[in-house]
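Each remark here refers to the structure printed beneath this line.
Nothing in this text is a laboratory measurement; each read-out follows from the coordinates by a stated rule. These numbers come from a predicted model, not from an experiment. Note that we place each Cβ from the backbone using ideal geometry, even for glycine, and neighbour counts take in every protein chain shown.
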């Protein structure tokens, strides 16, 4: 017998997620220590159980339709640490993203999410212009058979790394590459507009249809194209591959870079727990450095989030900063040095926390020069 067979009368679109909700709501909360948000802001409603419960009760109409009961759905970075710790591997992040969409449709969303949705068209236009400039600066070829998806975060907040992505891609392939313009649409998913995300994803996938091969640099964009697009019913026809995957298949092409600086690798949540890619970046760094990179105590499947995902910097900016500060403090305690990651959001979070950090594409570009 299911524990609660009432219909989700207030948010009926969440009925498809009933099983995921019930696994959390009626669980003894064994994953509570894994959530970066509730670890930095210790409130029961911000644990994975609390966030799922609030969405579940909202769907049934058991709590008032107010922003205070809706906002916990946005207190999630999408890091999937709770899923990794769950015996059922329950998809908490995916369920909360669906809940965000249902709540937005009901007129309930925190200010940061509303701002992202309202400004998305302007963001796309700004990104289109920025990628056009990047294409010119890196001699990208519009008729090239490989298209590179750099990622909005790199383009706007780490332009040097964005240029390194293009240079590393062309050098690795030994041929010109095209630069995909615009945004993959992930902010729409995180803010809570699944229908608009699906429409944008369809248009973005269509822009790639003439390519034979798509290389993706940013872990979040890769997660969008490889996991979120199919979930929204959108297929990207060319082969989609991460830059680190392609580079890991060509290790003999990579020259060793001599450095006296300690280099520590940070597992991006979307690259690791999201896409299951742990070995490729480590193989690249070991080849380039001549030794394995240093590690955080919590790494691979247990890696701690940088606090930069899931729109948290917009919906809970101070909490996001504290999560990044905690990760930076761990890095310094372990001896400091240079942090290397493969996620533009994590790169920005570490740099904002005062850590010397680079993207793995920067080391690739230097090694392949």
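Would you work out the relative contact order for the chain, in percent, from Cα pairs under 8 angstrom that are 6 or more residues apart? Mind dumping the intermediate values first?
On the way: 668 pairs, mean separation 63.2, N = 369.
Relative CO of the chain lands at 17 percent.
Could you give the length gained on full extension between residue 286 and residue 123, defined as 0.36 nm per residue of separation minus the Cα-Cα distance, in nm?
The span from residue 286 to residue 123 would gain 55.0 nm if fully extended.
I'm a student and want to see the number: the projected area of the Cα convex hull of the stretch 7-112, averaged over all directions, in nm². Walk me through the numbers on the way to the answer.
Details: hull surface 23.9 nm².
Average projection, Cα convex hull of the stretch 7-112: 6.0 nm².
Taking 2.2 N^0.38 Å as the expected size of a compact globular protein, what ratio does the Cα radius of gyration of the stretch 117-244 give against it, to two decimals? Could you put the intermediate results ahead of the total?
Values: Rg = 13.5 Å, N = 128, 2.2 N^0.38 = 13.9 Å.
Computed over Cα atoms of the stretch 117-244, the ratio equals 0.97.
State log₁₀ I(q)/I(0) for the stretch 61-143 at q = 0.12, 0.13, 0.18, 0.24 Å⁻¹ as given by the Debye formula over alpha-carbon point scatterers of equal weight, solvent excluded.
-0.58, -0.64, -0.86, -1.10
Starting with the fewest neighbours, write out 103, 242 ranked by other beta-carbon atoms found within 10 Å of each beta-carbon. List each step's numbers first, then the result.
Working: 103 29, 242 26.
By the 10 Å Cβ count, ascending, the order reads 242, 103.
Taking the number of other C-beta atoms within 10 Å as the exposure measure, put 300, 17 in order starting with the fewest. Can you show the working numbers first?
On the way: 300 14, 17 22.
Listing 300, 17 from fewest to most nearby Cβ atoms yields 300, 17.
Between residue 334 and residue 251, what is the spin-label point distance in nm, taking each point 7 Å from the Cα along the Cα→C-beta axis?
Here the modelled spin labels are 2.1 nm apart.
Compare the peptides 70-77, 233-240, 254-261 by average per-residue count of other Cβ atoms within 10 angstrom and give them in order, highest first. Don't jump to the answer; show the numbers that get you there.
On the way: 70-77: 26.1, 233-240: 15.1, 254-261: 11.1.
Answer by packing, highest mean first, reads 70-77, 233-240, 254-261.
Using the basic label-point model (7 angstrom from Cα toward the beta carbon), what is the residue 356 to residue 262 distance in nanometres?
Taking the two extended label points, one gets 1.2 nm.
What is the angle, in °, between the Cα long axis of helix 317-333 and the longest principal axis of the Cα atoms in the chain? Nearest 10 is fine, range 0 to 90.
50 degrees
Of the listed peptides 62-69, 134-141, what is their order by residue-averaged count of other C-beta atoms within 10 Å, with the highest listed first? Provide the component values of the computation, followed by the final result.
Values: 62-69: 13.6, 134-141: 16.4.
In decreasing order of mean packing, 62-69, 134-141 become 134-141, 62-69.
Helix 194-207 against the longest principal axis of the chain: what's the angle in degrees, Cα atoms only, rounded to the nearest 10?
Helix 194-207 sits roughly 20 degrees off the main axis of the chain.
Can you list, largest first and rounded to whole Å, the semi-axes you get for the stretch 172-247 by taking the square root of 5 times each eigenvalue of its Cα gyration tensor?
After diagonalising the Cα gyration tensor, the semi-axes are 22, 13, 10 Å.
If you line up the long axis of helix 92-105 against the longest principal axis of the chain, both from Cα atoms, how many degrees apart are they, to the nearest 10?
70 degrees
So what's the gap between the Cα centers of the stretch 102-140 and the stretch 145-197, to the nearest angstrom?
Using only Cα atoms to place each centre, the spacing works out to 13 Å.
Tell me, 269, 27 in order of fewest to most beta-carbon neighbours within 10 Å? Walk me through the numbers on the way to the answer.
Values: 269 30, 27 18.
By the 10 Å Cβ count, ascending, the order reads 27, 269.
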